[in-house]
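Written below as structure tokens is the structure these notes are about.
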Amino acid sequence: MLSFLPAPLRGLIACLLLGTNSIILVPILLVFTFLKALIPIKSVRQWMSPILLFVANTWIAFNSAWMALVQKTVWDVQGIDGLEPHGWYLVNANHQSWADILVLQHLLSRRIPFLKFFLKQELIWVPFMGLAWWALDFPFMRRHSEAYLKKHPEMRGKDQETTRKACEKFSQMPTSVMNFLEGTRFTPAKLQSQQSPYRYLLKPKAGGIAMALDAMGEKFQSVLDVTIVYPDGPPTFWNFVSGEIGHVVVRVQTLPVPIHLIPADYNTDPKVREAFSTWVNQLWQDKDAQIAEIMASRNKAQ
């Protein structure tokens, strides 16, 4: 609607709307967050969870509204019809930009249950948002290096236990567990550093998705494999809010849950690790080929 405005003005309007949305809704979220923290009664906390999710989904809905208002982005999306808003999904996606999260929320909100992301433990200290993520039951992960684990073997398996406890909560109400298998955002420098066998993807890490399947694999009805492509290049924050992205291409495939990997001890059984690696690498080979096809078709169209 406002796409005719100059990009800087669109970006300013988007930032104002995003800020207003957050100023109004985040305090409401924090009120219930503090109540949830102060009242250690399981039934009360379970009663508050749907309220917290409603506020979070409202925040996403308003973000989608300002995106439609100020952006002139062309969205090329396939595979999101027929999803179940009251089911359990294990969602994975490639990761190129911080905007990936807004893209996923914009397209999947209310089509599937609220997305729960694996977060680094340090993010719990982010002012206000850390508490909000905790209240929404996002799993916080403290990843230790192999060198650290050799010095502190008692810490081995702590992340797995944290994830398992978080996923046990997820089993009580419909949830979408989200994981970026690459573990970090794609850049050409990281691609070269890793000597990744893929053209458009970093090497996938199976640990997080393995823990989620081990904890609640029987609950998941499907795996949603999401491929996000920015034909004009991954956007910065300003690129995104100012609507300077020409196209966003998203492909969602609904895949069966790998039953043969449930339950399985990923951490101690080499055969299980190999099976997970085979499954994940096949997903990534298919995704890399899909991205190559999308890029080739876009180049032909130009």
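Placing +1 on the Cβ of every Lys and Arg and -1 on the Cβ of every Asp and Glu, with no other charges, gives segment 73-301 a dipole of roughly 460 debye about its Cα centre. Each label point was placed 7 Å from the Cα along the Cα-to-Cβ direction; for residue 41 and residue 260 their separation is 5.0 nm.
Number of Lys pairs in segment 73-301 with C-alpha atoms less than 13 angstrom apart, excluding same-chain neighbours closer than eight positions? For segment 73-301, qualifying lysine pairs total 4. Dipole of the chain computed with +1 at Lys/Arg Cβ and -1 at Asp/Glu Cβ about the Cα centre; of 134, 34, 267, farthest Cα towards the positive end is 34.
Among the trypsin sites (Lys or Arg not before Pro) within segment 3-102, those in coil by DSSP and having at most 16 neighbouring Cβ atoms inside 10 Å are 72.
If R0 is 30 Å, what FRET efficiency do you get for residue 171 and residue 68 from their C-beta distance, rounded to 0.05? With a Förster radius of 30 Å, E is 0.30. When the Cα gyration tensor is reduced to axis lengths a ≥ b ≥ c, the ratio a/c stays below 1.5 for segment 73-301, which is therefore classed as rounded. At an R0 of 25 angstrom, the distance between the Cβ atoms of residue 121 and residue 237 translates into a FRET efficiency of 0.55.
Readers should treat all values here as calculations from the given coordinates under stated rules, not as data from a laboratory. Predicted, not measured: the structure shown is a model, and the values here were computed from it. Methodologically, a virtual Cβ is constructed for each residue, glycine included, from the backbone with ideal geometry; neighbour enumeration extends over all protein chains shown.
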